[in-house]
Amino acid sequence: MMSLAFRAVAVLLAVALAGCATVTKVDSGETLVRNRLAVQVSEPWNQFERGFADNTPTWTLEGITVDALQFYVGVKDGELLAPTPTGRKGIEPLTFRATMQPADVMTLLQTLLTRDGSSFSLDRLEATEFVGTRGFRIEYSMVRKLDEVRLRGVAFGAVLNGELFLINYSAPRLAFYPKHAAGVEALARSAKVKG
């Protein structure tokens, strides 16, 4: 187990990194993510333009170290879901293929979320409509390695015209996930691809 001092330093580092990112407010109403994915926002979010380690738009309601809503918009066949960390051996690139089935995309997401040693368990994978086409919904549980916080997560995805559209939300399972899950579900149901 990590010492309390190490955990505190790690959390402070994450907060410091978040302080370096550009943060903007996302107001209620329709919002366009990456000029392609329109979503209806029912309550204001804070948006980190570049996420933490990659170029993924990331929103939060409670703070970036608490909850995160990530948008993977128009990932094309052969493109990476997220960059491969530099200087770390044995890390497989997370390459999206347009022929991937929902279980394959779930495995990509799982691999992304566990690169830091966090644990992941799939709770449910089911078909659902997303961005106006047949898509999928993933429910999962995690234990974040950094601080051993138990998280719940939900992701909505679909492959449309050979491109992946994926929204992923995670938060601590007992307080924040239940507080915001319905709003995230409504936001995902409203998602439409433009252009």
Inset, instruction - Looking only at the stretch 156-183, count how many residues are in contact (Cβ under 8 Å) with a residue 40 or more places away in the chain, aliphatic (A, V, I, L, M) and either surrounded by fewer than 22 Cβ atoms within 10 Å (Cβ to Cβ) or touching a helix residue (DSSP H, G or I) at 6+ places or on another chain (Cβ under 6 Å) (or both). - result: 2
Inset, instruction - For GLN47, state whether it is buried (at least 17 other Cβ atoms within 10 Å of the Cβ) and in contact with a Phe, Trp or Tyr (Cβ under 7 Å, 6 or more places away or on another chain). - result: yes
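Given the options ARG115, ARG97, name the one that is surrounded by 13 or more Cβ atoms within 10 Å (Cβ to Cβ), among the charged types (D, E, K, R) and modelled with pLDDT of 95 or more. Show your work before the answer.
Values: ARG115 fails: modelled with pLDDT of 95 or more.
When all the criteria are applied, what remains is ARG97.
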Inset, instruction - Could you tell me whether any residue of the stretch 123-142 is closer than 17 Å to THR65 by Cα, among the hydrophobic types (A, V, I, L, M, F, W, C), surrounded by fewer than 19 Cβ atoms within 10 Å (Cβ to Cβ) and more than 16 Å from the chain's Cα centre (by Cα)? - result: no
Inset, instruction - Go through ALA158, ALA171 for me and flag whichever is within 14 Å of the chain's Cα centre (by Cα) and small (Gly, Ala, Ser). - result: ALA171
Inset, instruction - Looking only at the stretch 67-92, count how many residues are touching a Ser or Thr at 6+ places or on another chain (Cβ under 9 Å), closer than 20 Å to GLU163 by Cα and without any contact (Cβ under 8 Å) to a residue 60 or more places away in the chain. - result: 4
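The values are calculated or read from the model by the stated rules, or taken from the named source; none is laboratory data. Here the structure is a predicted model, which means the values were calculated and not measured. Here Cβ is always computed from backbone atoms with ideal geometry, including for glycine, and neighbour counts include all displayed protein chains.
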